[in-house]
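Participant: Provided herewith is a single structure, encoded as structure tokens, for subsequent inquiry.
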Amino acid sequence: MTTTTERIRLLEECSANAWPAEVSRCLGGWWLRFTHGYSRRVNSVWPHAWWGSEKLEERLDTVEAFYRRMCLPPRYQICEACRPGELDQILEQRGYSKEGLSCVQIAPLALVRRRVTSPQTDGVELAASPGPDWLAIYASPEKMPVEEARVREGILRRIAPVKTFATLRLEGEPAAVGLGVYERGWLGIYCMATRPEFRRRGAASAILASLARWGAAQGAEDSYLHVLESNTAASSLYTRAGFETLYCYHYRQGPERIC
């Protein structure tokens, strides 16, 4: 039987593959990730394992030197499966602030498909790569600067597992988007976004239903997603769909770097 910790570590691996950094340097089981400062996950240390005889303090110094060269603050992604287990407390003692609390929620895919139905799924288009409409809707809710949008597009195009980009059209206009990534029996749901003028019209449900149907066709039996603790609107949709929190994670960030 798979333990909770084993499931967390599997989903952390799937998440890392579904949102790949431009630069990843291995450091004794840790991955130091860099992607020009956009998106915390791909500009942070993923401390998923530990090997080697190096002392922890020496490794922390190496991490700080790495991000100093990149002109970024050192940052760690922390969850209960990180190694060593006391890393979060040690970083707090070093003055690292806590930010970006998010939760990973899971649900059996069959449950999601039963709970989320929409007559608008016929208007959802699936594609192997993100087109201009998809990218525009993904960037619009956060009003991304042009450079950030370019970097995030690079992340999306680097995704190696099987993936699909969903776009819903309403009244002939692109209204909502989402991303599905399949790996090892799991459907990862990412990048859900709806244009403001099409909100409260079931657009997100149509995207979610289409991604769930696509995931089942790939062989997925379970699904997962990441949601910010502060995003109550998204959490409400996912709760209705049957998702429950498996674990939460946050980031520890050191002092800013000025180059």
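The values are calculated or read from the model by the stated rules, or taken from the named source; none is laboratory data. Note that the structure is predicted; figures quoted are calculated from it, not measured. Because the Cβ atoms are built from the backbone with ideal geometry, glycine has one as well, and the counts that use them run over all protein chains shown. Ligands, DNA and RNA are stripped out before the accessible areas are found, and what is left, the full protein with its side chains, is counted by its heavy atoms. Shrake-Rupley method; radii C 1.70, N 1.55, O 1.52, S 1.80 Å.
Participant: Using just the helices of the chain, give the 222 nm mean residue ellipticity in deg cm²/dmol: DSSP H runs with n ≥ 4 each add -39,500 (n - 2.57), and the total is spread over all residues, rounded to 500. Display every interim value, and only then the final one.
Facilitator: Details: 8 runs with 89 residues, N = 259.
When only DSSP H runs of four or more count, the value is -10500 deg cm²/dmol.
Participant: Please compute, for the alpha-carbon atoms of the range 207-254, the extent along each of the three principal axes and give them in descending order in Å.
Facilitator: So the extents along the principal axes, rounded to whole Å, are 43, 22, 17.
Participant: Could you list log10 I(q)/I(0) for the chain at q = 0.07, 0.13 Å⁻¹, which the Debye formula gives when each Cα is one point scatterer?
Facilitator: Log10 I(q)/I(0), no solvent term: -0.25, -0.85.
Participant: Find, to one decimal place in angstroms, the Kirkwood hydrodynamic radius of the range 34-152, where the mean of 1/r is taken over every pair of different Cα atoms and then inverted.
Facilitator: Values: mean 1/r = 0.0551 Å⁻¹.
So the Kirkwood estimate lands at 18.1 Å.
Participant: When the C-alpha atoms of the range 1-101 are aligned to their principal axes, what extent does each axis show, in angstrom, from largest down?
Facilitator: Over the range 1-101, Cα extents along the principal axes are 43, 28, 27 Å.
Participant: Just in the range 1-59: which trypsin sites (Lys or Arg not before Pro) are loop by DSSP and have at most 11 other Cβ atoms within 10 Å? Please report the intermediate quantities before stating the final value.
Facilitator: On the way: sites: Arg7, Arg9, Arg25, Arg33, Arg40, Arg41, Lys55, Arg59; in loops: Arg40, Lys55.
Those satisfying the criteria are Lys55.
Participant: Continuing with this model, one more query. Which order, highest average first, do 114-122, 179-187 follow once you tally other Cβ atoms within 10 Å for each residue and take the mean per peptide? Each step should come with its number before you reach the end.
Facilitator: Details: 114-122: 15.9, 179-187: 21.9.
Answer by packing, highest mean first, reads 179-187, 114-122.
Participant: To the nearest 10 square angstrom, what accessible area does Ile78 show with a 1.4 Å probe?
Facilitator: Rounded to the nearest 10, that gives 10 Å².
Participant: How would you rank 219-225, 198-204, 244-250, highest first, on the average number of other Cβ atoms within 10 Å across their residues?
Facilitator: Numbers: 219-225: 20.0, 198-204: 18.1, 244-250: 15.7.
For the peptides 219-225, 198-204, 244-250, the packing ranking is 219-225, 198-204, 244-250.
Participant: Sort 149-155, 209-215 by the packing proxy (mean of other Cβ within 10 Å over each peptide's residues), most packed first. Spell out each step's value before the answer.
Facilitator: On the way: 149-155: 17.4, 209-215: 24.1.
The most tightly packed comes first, giving 209-215, 149-155.
Participant: How large is the accessible surface per residue of the range 1-150, computed with a 1.4 Å probe and reported in Å² as a whole number? Mind dumping the intermediate values first?
Facilitator: Numbers: 7510 Å² over 150 residues.
Counting only protein heavy atoms, the per-residue value for the range 1-150 is 50 Å².
Participant: For the range 171-259, restrict the atom set to alpha-carbon positions and state the Rg and Dmax in Å.
Facilitator: 15.7, 49
Participant: What is the Cα centroid distance between the range 1-70 and the range 146-206, reported in whole angstrom?
Facilitator: 25
Participant: Additional query: Keeping all protein chains in place, calculate the accessible area per residue for the range 161-237 (probe 1.4 angstrom), answer in Å². Walk me through the numbers before you get to the answer.
Facilitator: On the way: 3100 Å² over 77 residues.
Value returned for the range 161-237: 40 Å² of accessible area per residue.
Participant: Further question: Quick one: with all protein chains in place, what share of the accessible area of the chain is carbon or sulfur, to the nearest percent (1.4 Å probe)? The partial results should precede the final answer.
Facilitator: Values: 6060 of 12230 Å².
Carbon and sulfur: 50 percent of the exposed surface of the chain.
Participant: Across all directions of projection, what mean area in square nanometres is found for the Cα convex hull of the range 1-47? Before the final figure, lay out each step's value.
Facilitator: Working: hull surface 14.2 nm².
Computed as one quarter of the Cα hull surface, the answer is 3.6 nm².
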